[in-house]
1. Counting just the residues of region A:166-195 that are aliphatic (A, V, I, L, M) and crowded, with 20+ Cβ neighbours inside 10 Å, which one comes out farthest from the other protein chains (Cβ to nearest Cβ)?
2. Which of the residues spanning region B:141-171 are at the interface with another protein chain (Cβ under 8 Å from one of its Cβ atoms) and assigned to a strand (DSSP E or B)?
3. Evaluate the following for B:GLU157: is it open to solvent by 10 Å² or more (accessible area, probe 1.4 Å), farther than 20 Å from A:GLY175 by Cα and either acidic (Asp, Glu) or free of Cβ contacts under 8 Å to residues at least 12 places away in the same chain (or both)?
4. Find the helices (runs of 4 or more DSSP H) located wholly in region A:153-233 whose residues include 1 or more that are closer than 17 Å to B:ASN252 by Cβ and without any contact (Cβ under 8 Å) to a residue 40 or more places away in the chain, and list them.
5. For residues in region A:218-262 being open to solvent by 80 Å² or more (accessible area, probe 1.4 Å) and basic (Lys, Arg), which is farthest from the other protein chains (Cβ to nearest Cβ)?
6. Only residues that are in a helix (DSSP H, G or I), free of Cβ contacts under 8 Å to residues at least 60 places away in the same chain and open to solvent by 60 Å² or more (accessible area, probe 1.4 Å): list them for region B:10-28, please.
7. May I ask you to say which residue of A:LEU198, A:LEU163 is farther than 23 Å from A:ALA242 by Cα, within 12 Å of chain B (Cβ to nearest Cβ) and of a type in the set (A, V, I, L, M, F, W, C)?
Amino acid sequence: MMATSTKGYVDTEYLRIVAELLEKPKRQTYLPMQIEKGDKVLDVGCGPGTDTLALAELVGPTGEVYGVDFDGAMVAEAELRAEKARVNGWVHHKEADATAMPFASGSFDACRSERVFQHSLNPRAILAEMVRVTKKDGWVVVLDSDWGSLGVDTDEVEIERRLMSFSATETHHNGVSGRCLYRFFKEQGLTDISVELLPIVITSYPLMSLIYTFGEKERQALAAKIVTTDEIQRWRASLERAEANGTFFAYFCMALVAGCKS
Amino acid sequence: MPTSAKGYFDTEYLRVVAEIAEEYKRRTYSLMKIEKGHKVLDAGCGPGTDTIALGSLVGPSGEVYGVDFDPAMIAEANRRAATAGVAHWVHHQDADATAMPFESGYFDSCRSERLFQHLLNPRGALAEMTRVTKKGGWIVVLDTDWGSCGIDTDEVELERRLMTFYATETYHNGYSGRRLSRFFKEHDLADISVEVIPYVCTNYQLARYLFAFDSHEAQALAEKIVTEEELRRWHESLQRDEENGTFFSCTNIAMAAGRKP
């Protein structure tokens, strides 16, 4: 789904840190998939296989897990990890475009996708494709960030709002993804739709900088003349002060949306 | 806020919000660690929704005080306390939250809900709540972060402009929720906990009402933040969502608790 563009691309070290922080929301996505032993499930945007390995346990060796990712290196790493975990007998990873997956319609008992839609120019098409490959009465579950909800406590409110609006709308293809999911699920005719917002609170400036790549976003905002060098310095100084005083506080919400293919 | 009515709401609005906020309200009470016989305070009590509930938690051997800057709210709160039969130990006073008519260390615990967002000096109110609380007593503040308010729409740019304006200009302290953690730490409160509680509203008319869109939009127009044409597009996009059953909005509320050291 990102084959033509690398906007928002990230590496495996970043994904490991984020995975730790997001472990709880991640686990919460497995529940609405209503997985049983022997099920066939799909993870769209599988990255290095963090979730496919966990799903392997849930379906057991009589089941089947597929992970797809547009990035060949991620797929290779996921395959390596599945082999190490000795689940490669029933866990497979494929390089594929999420909007045109190499699976027959109605192949899966349940599908999930996590933090993929925000990087996509065409999230509706990914969801349509997930619905297509899911069996009737199967569950489709999507977890994604709403970067529009990201707030950082600072006295430099005006600069913060400018930077956050810019980064949510301009540095991701679909940065407010989380809040769009309810509408997309309804448009696809999914039923029994549930929406849960999961707040992620971060009280460390370095961690926040890392997970939201502040440096990169500030550079882009500077280049786009959204902020001046002086404003960036004031913004950073305010956050460094907060970090030094132990008062840094930021949060954003992820949306967890589930629906049934009827 | 005695000098300003920015963000002022009537009792009917407060009733609707109170119904939605019932669960969070109960959680603020439990964080206050209330026991029978306690003296507790509600800063920004409005028409007494919480003081009456607190009245039954402390019982007739306890004492509840509610303060509000608005004498009409105080009169209504007193009427309701009388009707509920708790007026002997539940009292309401017209007072400024930054200069309350109580001795230092008078209360076992204090709470304040959706008040700080309307204050020019929220730090002053927290300092005052801390002053009137006993050593070891709990201070609990629940407040909205209007900066996190988001509405799903294809008019994202317009939405971001309007939401930023609402949070920044239509409240004295619209980002209140996200600031509580810092304020509590600055006041050296102990055992601080902060929880962020998301609120989702998929009913367009209710969201318009809860988020006071009518008055906010009029203000945004008057201050030339949006044009009439843009506002028309904005309304159309939301009405479309309402018709399709796809309207989605969310905001977050922060609940902070800490003890006076």
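1. The initial filter retains those residues of region A:166-195 that are aliphatic (A, V, I, L, M), namely A:168, A:176, A:181, A:190, A:193, A:195.
From what is left, the residues that are crowded, with 20+ Cβ neighbours inside 10 Å are A:168, A:176, A:181, A:190.
Numbers: A:ALA168: 7, A:VAL176: 6, A:LEU181: 8, A:LEU190: 12 Å.
Restricting to residues being aliphatic (A, V, I, L, M) and crowded, with 20+ Cβ neighbours inside 10 Å, the top hit is A:LEU190.
2. Within region B:141-171, B:ASP145, B:GLY147, B:SER148, B:GLY150, B:ILE151 qualify.
3. Working: open to solvent by 10 Å² or more (accessible area, probe 1.4 Å): yes; farther than 20 Å from A:GLY175 by Cα: no; either acidic (Asp, Glu) or free of Cβ contacts under 8 Å to residues at least 12 places away in the same chain (or both): yes.
Here the answer is no, as B:GLU157 does not meet what is asked.
4. Values: elements: A:157-170, A:177-187, A:205-211, A:214-223.
By residue number, A:157-170.
5. First pass over region A:218-262, keeping only residues open to solvent by 80 Å² or more (accessible area, probe 1.4 Å): A:219, A:223, A:225, A:229-230, A:233-234, A:236, A:240-241, A:244-245, A:262.
Retained after the next criterion (residues that are basic (Lys, Arg)): A:219, A:225, A:234, A:236, A:241.
Numbers: A:ARG219: 21, A:LYS225: 17, A:ARG234: 17, A:ARG236: 17, A:ARG241: 11 Å.
Ranking the candidates gives A:ARG219 first.
6. Filtering region B:10-28 down to residues in a helix (DSSP H, G or I) leaves B:11-20, B:22-28.
When the remaining residues are screened for being free of Cβ contacts under 8 Å to residues at least 60 places away in the same chain, the result is B:12, B:14-15, B:18-19, B:22-23, B:26.
Hits for region B:10-28 are B:GLU12, B:ARG15, B:GLU19, B:GLU22, B:GLU23, B:ARG26.
7. On the way: A:LEU163 fails: farther than 23 Å from A:ALA242 by Cα.
After applying the criteria, what remains is A:LEU198.
Rundown of residues vs (1) open to solvent by less than 40 Å² (accessible area, probe 1.4 Å); (2) out of contact with any helix residue (DSSP H, G or I) (no Cβ under 7 Å at 6 or more places or on another chain), yes/no style:
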{"position": "A:GLU23", "(1), (2)": "no, yes"}
{"position": "A:GLN28", "(1), (2)": "no, yes"}
{"position": "A:GLN34", "(1), (2)": "no, yes"}
{"position": "A:ALA56", "(1), (2)": "yes, yes"}
{"position": "A:THR62", "(1), (2)": "no, yes"}
{"position": "A:ASP69", "(1), (2)": "yes, no"}
{"position": "A:ALA78", "(1), (2)": "yes, no"}
{"position": "A:VAL91", "(1), (2)": "yes, no"}
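The values are calculated or read from the model by the stated rules, or taken from the named source; none is laboratory data. It should be emphasised that the depicted structure is a prediction, and the values quoted were computed from it without experimental measurement. Glycine gets a Cβ as well: all are built from the backbone with ideal geometry, and neighbour counts include every protein chain shown. Surface areas here come from the heavy atoms of the whole protein model, side chains and all, with no ligands, DNA or RNA. Shrake-Rupley method; radii C 1.70, N 1.55, O 1.52, S 1.80 Å.
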